[in-house]
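Take a look at the structure set out below.
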Amino acid sequence: RLWDIRSGKQIQSFNEHTNGVNDVAYSPFVIDDDNVSGTSNVICSGSMDNTICFWDIRSNKDTLHMIKGNAKDWGIICLKFLKLKKNKKSNNDRICDINLCYGSLNGVINIWG
């Protein structure tokens, strides 16, 4: 759920996970979305259903993207975005140096990037 902290009212509800959500993280990614007249911000949520969902916080649409954890993870318990330094220079400005790390119930930390 997304809440307006000034009014204390719920703005949106995001429904995709089939089990409890353990963590939500603000994503550094910005998407271009014609449905919201410009750019929009993204959050992601990690759940005991062993998935990470990405959501557009300005629209009440389905998930933008879903990552399924490894079969042995037993659920996602925490999320963290990390910006890592590039090892080599590239002429391609579109290379993403943001990585998503998540901790799983079995104690393993996984890195997507």
| Gain in span if fully extended, residue 74 to residue 111, counting 0.36 nm per residue against the direct Cα distance | 11.7 nm
| Order by protection proxy (mean Cβ within 10 Å, highest first), peptides 67-73, 97-103 | 97-103, 67-73
| query | Nearest 0.05, what FRET efficiency do residue 16 and residue 97 give at R0 = 41 Å with Cβ-Cβ as r? | reply | 0.90
| message | Rounded to the nearest 10 Å², what accessible area does residue 57 have for a 1.4 Å probe in the complete protein model? | response | 40 Å²
| query | What ranking of 18, 51, 63 comes out by heavy-atom accessible area, probe 1.4 Å, highest first? | reply | 18, 63, 51
| message | With every protein chain left in place and a probe of 1.4 Å, what is the accessible surface of residue 55, to the nearest 10 Å²? | response | 10 Å²
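The values are calculated or read from the model by the stated rules, or taken from the named source; none is laboratory data. Here the structure is a predicted model, which means the values were calculated and not measured. Cβ atoms come from the backbone with ideal geometry, glycine included; neighbour counts cover every protein chain shown. Accessible surface areas use protein heavy atoms only, side chains included; no ligands, DNA or RNA. Shrake-Rupley method; radii C 1.70, N 1.55, O 1.52, S 1.80 Å.
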